[in-house]
Amino acid sequence: AGRFLFLAIETTCDETGAAVLEGPSPPELGVPIVRSSVVASQIDLHERYQGVVPEIASRAHVRQILPTIDEALDRAGVSLGDLQAIAVATRPGLVGSLVVGLTAAKTLALALDIPLVAFDHLEAHLYACQLAYPEKNAYPCLGLVVSGGHTSLFACRGPIEAELLGGTIDDAAGEAFDKVANLLGLGYPGGPVVERAAATGNRLAYAFPRSFLHDDRLAFSFSGLKTAVLYAIRGQDARAGISLDDPQQVADIAASFQEAVVDILVAKTRQALRQTGLRRLGIGGGVAANARFRERIGAMAAEQGVDLFIPPLSMCTDNAAMGGIALAKLAAGQVASLDIDVTAGLVRP
Ligand code: KG4
Ligand code: ZN
């Protein structure tokens, strides 16, 4: 069999990603090899606002998209003419960000006269599990996406057959990390800095709430937890607040907060495994980079006898390599037309 080279583009939020992947030709169902994966981060631009500012994100994508694609081609040692398809994430995400990636993808597909493939960002986060373990079959699996925008559980019959089981009713887990980091004056993005502060903290120092723990529904809620952290910082009732200048007090809040998030994520995932009977677990999204979460979810999977698929850190946060999912779409004959639009929300077909 020959080789099938394709470019994947990811601009759903604040990272501009481009990757070159290589699959079998014709693109039968198989796991592609990542030839290159480039991510141009916008963290510096959003840092002073402690969150992603959509218009700044769109403009940064406009500046970065072509250099990022060029670098991905360079690193893979291929030129535009070698490409046989263009893949792009078209949902869910920020509309202004998605449109930049989609426009670049359409232009390349039209100019090179090759197929355009549209993929779902959340299915792609879970596909990173398959890419990380190419020798194993990651599906069917229970999929948990824990990112800055989503905290969702899926029953995945295959890479492009994810059925939403439930998700957060308010904040996403990563968003909670970002907001708590802000309250603690730790910086942005919140996940890595809260994790670092938590390393020297006592996770039993505060008994923060764990929403929906004893509820049959597969739902998450993190806004009550965030409010409880706010009260612990300010002080409430008889309890005094903390001094943000005292690293130990900050560490104790960070560790107790992180433990609450991890408890919720692990408990709900265990519940979903029981309810669905699925024997494989795939994890995606930025929060899956958290070491305490990886340790606890790994222990739970082992105790349940479930096969855990969790990507290396660089494939947990947003990247275009996970656009390798396009191979599954091509194998299923799912080519997009050039008038396809983006979708902001979590819309299932
Ligand atoms: O998947 P991702 O890169 O982008 C979205 O699709 O949202 O996830 C970003 C989120 C941010 O909220 C960030 O704070 C969180 O993932 N995150 C972490 C860690 N690294 C990133 N959360 C906890 N621990 C980490 N080490
Ligand atoms: Zn993401």
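Structure notes:
- Single residue of 288, 301 found to be in a helix (DSSP H, G or I), modelled with pLDDT of 95 or more, more than 12 Å from ligand 2 (Cβ to nearest atom) and in contact with a strand residue (DSSP E or B) (Cβ under 7 Å, 6 or more places away or on another chain): 301
- Scan of segment 285-333 for residues that are charged (D, E, K, R), over 21 Å from residue 197 (Cα atoms) and away from ligand 1 (no atom under 12 Å from the Cβ), ordered by number: 303, 307, 329
- Qualifying positions in segment 218-242 - in a loop (DSSP other than H, G, I, E, B) and either within 15 Å of residue 206 (Cβ to Cβ) or more than 23 Å from the chain's Cα centre (by Cα) (or both): 237, 238, 241, 242
- Residue match in segment 67-78 (condition: out of contact with any helix residue (DSSP H, G or I) (no Cβ under 7 Å at 6 or more places or on another chain), acidic (Asp, Glu) and under 16 Å from residue 318 (Cβ atoms)): no
- Scanning segment 179-199 for residues that are among the charged types (D, E, K, R) and either in contact with a helix residue (DSSP H, G or I) (Cβ under 6 Å, 6 or more places away or on another chain) or at pLDDT below 95 (or both) returns a single hit, 179.
- Of all residues in segment 286-304, those satisfying the criterion of being surrounded by fewer than 24 Cβ atoms within 10 Å (Cβ to Cβ), more than 17 Å from residue 143 (Cβ to Cβ) and touching a residue at least 12 places away in the same chain (Cβ under 8 Å) are 291, 292, 296.
The values are calculated or read from the model by the stated rules, or taken from the named source; none is laboratory data. Just so we're clear, the structure is a prediction, and the values are computed from it rather than from any experiment. Positions of Cβ are backbone-derived with ideal geometry, glycine not excepted, and every protein chain shown enters the neighbour counts.
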